[in-house]
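Colleague: This is the structure I want to talk about, given as structure tokens.
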Amino acid sequence: MTDPLTPPRRKDPLVTTHLGHVSPALRSRAATAMAARAGQGRFVLQVCDDCAQATYPPRDRCPFCWGALHWQDQPNGAVIAAQTTIRSSIDLFFKDHLPWRIGTARLDAGPMATVHLHGDVGRGDRVRMELKLDRAGNPALFAMPEKETPHMADDPQLRVFTADPKYRRILVTDGRSATGQAVAEALLKAGAKTVFLGNADPLMRYPGQDRIEAVDGIEPVRLSLTDTRSIEALAGQLGGRVDIVVNTVGFTRQGGVGFGGNLNNLQSGLDLEVTGLMRLAQGFAPALSARSDDGDNAAAALVDIASIHGLTGRAGFAGSSATAAARLSLIASLRGEMAQTGIRVISVLTGPVDDGWHQNVPPPKTTAAQIARAVVTALQQGQETICADEVAKDVLARWQDDPILTIREENK
Amino acid sequence: MARQKPYDGVALCAPVTTPYVRFSDQTAHWWAGAALAALARQTGLGPADFDGFCFASFSAGPDTVVGMVQHLGLSPRWMDHIPTGGASGVMALRRAARAVQMGDAEVVACVAADTNQIDSFRQTLQGFSRFSQDATYPYGFGGPNATFALIADNFMREYGVTREDFAKLCVAQRTNALSNPLALMKKPLTHEQYMQARPIADPIHLFDCVMPCAGAEAFIVTTPEKAQELGLSTARLAATIERHNAFADDPVQTRGGWARDIDDLWAAAGCTPQDMDMVQLYDDYPVIVAMQLADLGFCDKPALSRFITENDFTIAGSLPLNTNGGQLSAGQAGAAGGFQNVTEGLRQILRCPLGDQIPDATRALISGFGLVNYDRGVCTGAAVLEQDVLR
């Protein structure tokens, strides 16, 4: 049984902050390919094109017949054949997280693997394997109890691989939108201690303001991503106390490129969503990174919500899709930087959001509640990329299969 | 399968050990040179006299045997680089023996040398192999301790071997080490101390682990005629085996490649385990010593516990084991740890041990085990050495 997490105590300002080391990060290209799939919450192994046998650790050729290997989703059951508790390590990250339990797992898919063990599983147990990302963004096989156990998510080893909102303090950048409000409430419901809710223009009232600001745990803060000084001021005030940042800003307007496009709209979108994202990262990334291994409420993640059409462009939303493309590109670069400090960078991808700027788009559309659910799930699972709804899933699947075709289709 | 041809015309001689140190500010090159200097003192040979050179090391990077040859002023007509750590001694022996037998070389210096600088152990582990970098060390970074903990956890339950049994092996090796002035461990180890040691990675405890250190080991493979000319005592190579990545389908390692080839070894050697005056086994962990005792034919695995109880593994005992103290008590100088079994076996049958002599010893079984590439040791080898001429 897992001991339930207790609310972290107030930080003693005289105690040295634990440096945010990451677990050993050197990986082969094949292991990096496994990480890319792990980030989407998939459980994959390499399977041979010729003999159809699954293999692990990541290889470049099949060890049974030397055929070519491809990543495939695999059954995630396993049995633990041997276990140990590591009580001594010379690695800077693990030596501060001892004892650490690992085991030898016989995967239902075939291969044997060295795996991390959840506290509720041990030798002889049937387990459910999850392919997680470790703090450095590398693939990690984690053996979970087959069935839900009490306080399962509070397992200290598991929490190293997740960014669970429980007891964490979270900045949601834009509370003026329905999305921002839904995300804030979902995070509190998932156990967050505080949600600092951004408001770019405190002099202007917004829909739902009285209700959301009265919710227990919500702390309104002044924050405008188009204003560097407001970010610096807030980072100075909250930097050491924010564990997760969720960027909910968006500026969607319809229009084409040669026809019906509006340069002012494009510039406003780029300033808020792209330059704004970099302003936000520059304000908060250093503080998050410095606290990435600071106990139960260590800083854990930066979440950005963007349109799936950043991958493809979209007819009728050319400027907004270009903005989303730039946003996804910045997030990919930031992910690489933050992997070195143990902070997860998460992309929540949406279809057309069910708001005033997508009135003439036929359903299905992405609701604020779906986005909020995706944010919480990605944090709880430690995922890197998550689709909030069916449209995003559909476009992503087609894009992964044939990006050039999907780009044509979406711009017809 | 083609049978192994005898090693006629091959003489093993001049085992040397450079005194180990826990940490060294010197390089593997320095230690390799120290081993060659020791060979030179014993034989009178200089750089120009060795026409064969076989080298094993983990810490010589970026150099291989090529860099080492130029660094140390050798000009061999045959050379080899053995990257198999704990199996490198047996493998060097096999390769050098055939080179000498076929006339590709006449005097081969086999050298294993490694340094141990501050933090070099961690750095070696970090980039040790692709599988361990991808799929072992990110899992708690317990190093080899964690890998062998999983192997030991399974082995002990499977075959009823206990920590008491391992204690007996470790205590006997420490007793042996006390007569070896070069052993790093100088104090006796009691059964109680072994049992009460702090856990490292369950069921591995402190005295199951070797002490990484710096050092070098070397020996010469040449012709009987050349050895006579140099006035060196010699041993014969009766038989050898070598196997890599055996039993890949075993879920957790319970046996090594020896189990596959052991009948060939004893058939070619023309003797049995009971004819051995000593065993010099690779001892990174006592569970691997126990595994070798079974795989090399001394007993079945279910009978291991009884076999260990019934035998005395000290120099004066019924089956002397790792008579210099082994890596567990003498220290593990990287790849040189895989040469210790050869040099110590040779010394005992050539009557020049570092510590106490096994009375009347003429035959030694040596065994190597190397390279945890992922979840198990991949390389194995064994050889039977016999006393030939004492000079």
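The values are calculated or read from the model by the stated rules, or taken from the named source; none is laboratory data. Note that the coordinates shown come from a computational prediction; the quantities given were computed from them, not determined experimentally. Methodologically, a virtual Cβ is constructed for each residue, glycine included, from the backbone with ideal geometry; neighbour enumeration extends over all protein chains shown. Please note that ligands, DNA and RNA were not included when accessible areas were found on the heavy atoms of the full protein model with its side chains. Shrake-Rupley method; radii C 1.70, N 1.55, O 1.52, S 1.80 Å.
Colleague: Give me the summed buried accessible area for the B-A pair, 1.4 Å probe, to the nearest 100 Å². Don't skip to the answer; put the middle values down first.
Modeller: Working: alone 15260 and 19500 Å², together 31800 Å².
Its buried surface, counting both partners, is about 3000 Å².
Colleague: Right, next: When the solvent-accessible surface of protein heavy atoms is calculated with a 1.4 angstrom probe, in what order do A:Val115, B:Val372, B:Val21 fall, highest first?
Modeller: B:Val21, B:Val372, A:Val115
Colleague: Something else about it: Given a cut-off of under 8 Å on Cα pairs at least six residues apart, what relative contact order in percent is computed for the stretch A:29-159? Display every interim value, and only then the final one.
Modeller: Working: 272 pairs, mean separation 29.3, N = 131.
Once normalised by length, the contact order is 22 percent.
Colleague: Cβ neighbours within 10 Å, averaged per peptide: list B:206-214, B:185-193, A:350-358 in order, most packed at the top.
Modeller: Working: B:206-214: 21.4, B:185-193: 13.4, A:350-358: 19.8.
Averaged packing, sorted descending, gives the order B:206-214, A:350-358, B:185-193.
Colleague: Right, something else. Go through A:Ala368, A:Val183, A:Pro207 and say which Cα lies farthest out towards the positive end of the charge dipole of the stretch A:169-410; charges sit on Cβ, +1 for Lys and Arg, -1 for Asp and Glu.
Modeller: Value: A:Pro207.
Colleague: Where the centroid of each part is defined by its Cα atoms, how far is the stretch B:53-126 from the stretch B:129-166 in Å?
Modeller: 28 Å
Colleague: I've got another one for you. Which value, in debye to the nearest 20, gives the size of the charge dipole of the protein assembly as shown about its Cα centre, when Lys and Arg are +1 and Asp and Glu are -1 at the Cβ? Please list the in-between numbers first.
Modeller: Values: 73 positive and 86 negative charges, 238 e Å.
Value, rounded to 20: 1140 debye.
Colleague: Placing +1 at every Lys and Arg Cβ and -1 at every Asp and Glu Cβ, with all other atoms neutral, what dipole size does chain B have around its Cα centre, in debye to the nearest 20?
Modeller: On the way: 29 positive and 41 negative charges, 75 e Å.
Dipole magnitude for chain B comes out near 360 debye.
Colleague: Ok, one more. Using +1 at the Cβ of each Lys and Arg and -1 at the Cβ of each Asp and Glu in the protein assembly as shown, identify which of B:Gln348, A:Gly255, A:Ala388 lies farthest towards the dipole's positive end.
Modeller: A:Gly255
Colleague: Are there residues in the stretch A:57-83 whose accessible area shrinks by at least 50 Å² when all protein chains are included rather than the chain by itself, and which are they (probe 1.4 Å, ligands and nucleic acids not counted)?
Modeller: A:Pro57
Colleague: Which value, in Å² and to the nearest 10, is the accessible area of A:Thr312 when all protein chains are kept and the probe is 1.4 Å?
Modeller: 10 Å²
Colleague: Right, here's the next one. Excluding residues fewer than 8 places away in the same chain, name every one of the lysines whose C-alpha is closer than 30 Å to that of B:Lys226.
Modeller: Excluding near neighbours in sequence, the set is B:Lys5.
Colleague: Further question: Looking at B:Thr84, B:Val111, B:His29, which one has the Cα that reaches farthest to the positive end of the dipole of chain B (charges on Cβ: Lys, Arg +1; Asp, Glu -1)?
Modeller: So the residue furthest toward the plus end is B:His29.
Colleague: What does the extension gain come out to for A:Thr228 and A:Arg211, with contour length at 0.36 nm per residue minus their alpha carbon separation?
Modeller: Details: separation 17, 0.36 × 17 = 6.12 nm, distance 2.87 nm.
So the chain would gain 3.3 nm between A:Thr228 and A:Arg211.
Colleague: Cα to Cα, under 27 Å, and not fewer than 8 places away if on the same chain: which lysines meet these conditions relative to A:Lys95?
Modeller: Those lysines meeting the cut-off are A:Lys11, A:Lys132, A:Lys166.
Colleague: Right, something else. Treat every Asp and Glu Cβ in chain A as -1 and every Lys and Arg Cβ as +1, leave all other atoms uncharged, and give the resulting dipole magnitude about the Cα centre to the nearest 20 debye.
Modeller: Details: 44 positive and 45 negative charges, 93 e Å.
Here the size comes out at about 440 debye.
Colleague: Work the Kirkwood hydrodynamic radius out for the protein assembly as shown: mean of 1/r over every pair of different alpha-carbon atoms, inverted, in Å. Numbers along the way, then the final one.
Modeller: Working: mean 1/r = 0.0339 Å⁻¹.
In the protein assembly as shown this quantity evaluates to 29.5 Å.
Colleague: Given a 1.4 Å probe, show me the residues in the stretch B:149-180 buried by at least 50 Å² of accessible surface when comparing the whole protein assembly to the chain alone.
Modeller: Those residues are B:Leu150, B:Asp153.
Colleague: Counting only protein heavy atoms and using a 1.4 Å probe, what share of the accessible area of the protein assembly as shown belongs to carbon plus sulfur, as a whole percent? Don't skip to the answer; put the middle values down first.
Modeller: Values: 16440 of 31800 Å².
Roughly 52 percent, rounded to a whole number.
Colleague: Okay, next question. Per DSSP helix of 4 or more residues, -39500 (n - 2.57); summed, then divided by the residues of chain B. What does that give at 222 nm, rounded to the nearest 500? Can you show the working numbers first?
Modeller: Working: 14 runs with 138 residues, N = 391.
Taken over chain B, the calculation gives -10500 deg cm²/dmol.
Colleague: Also: Pop out a list of residues from the stretch B:110-147 that are at least 50 Å² less accessible with all the protein chains around than in their chain alone; 1.4 Å probe, no ligands or nucleic acids counted.
Modeller: Buried by 50 Å² or more upon assembly, which counts only protein chains, are B:Arg122, B:Arg130, B:Phe131, B:Gln133, B:Asp134, B:Pro138, B:Tyr139, B:Gly140, B:Phe141.
Colleague: What does the accessible area per residue of the protein assembly as shown come to in Å², with a 1.4 Å probe and no ligands, DNA or RNA counted?
Modeller: On the way: 31800 Å² over 803 residues.
Per residue, the protein assembly as shown has an accessible area of 40 Å².
Colleague: List the trypsin sites (Lys or Arg not before Pro) in the stretch B:328-390 that DSSP assigns to loop (not H, G, I, E or B) and whose Cβ has at most 16 other Cβ atoms within 10 Å. Which are they?
Modeller: Numbers: sites: B:Arg347, B:Arg351, B:Arg363, B:Arg376; in loops: B:Arg351, B:Arg376.
Answer in residue order: B:Arg351.
Colleague: Mind listing the Cα extents of the stretch A:29-159 along all three principal axes, in Å, largest one first?
Modeller: Projected onto the principal axes, the Cα atoms of the stretch A:29-159 cover 42, 31, 26 Å.
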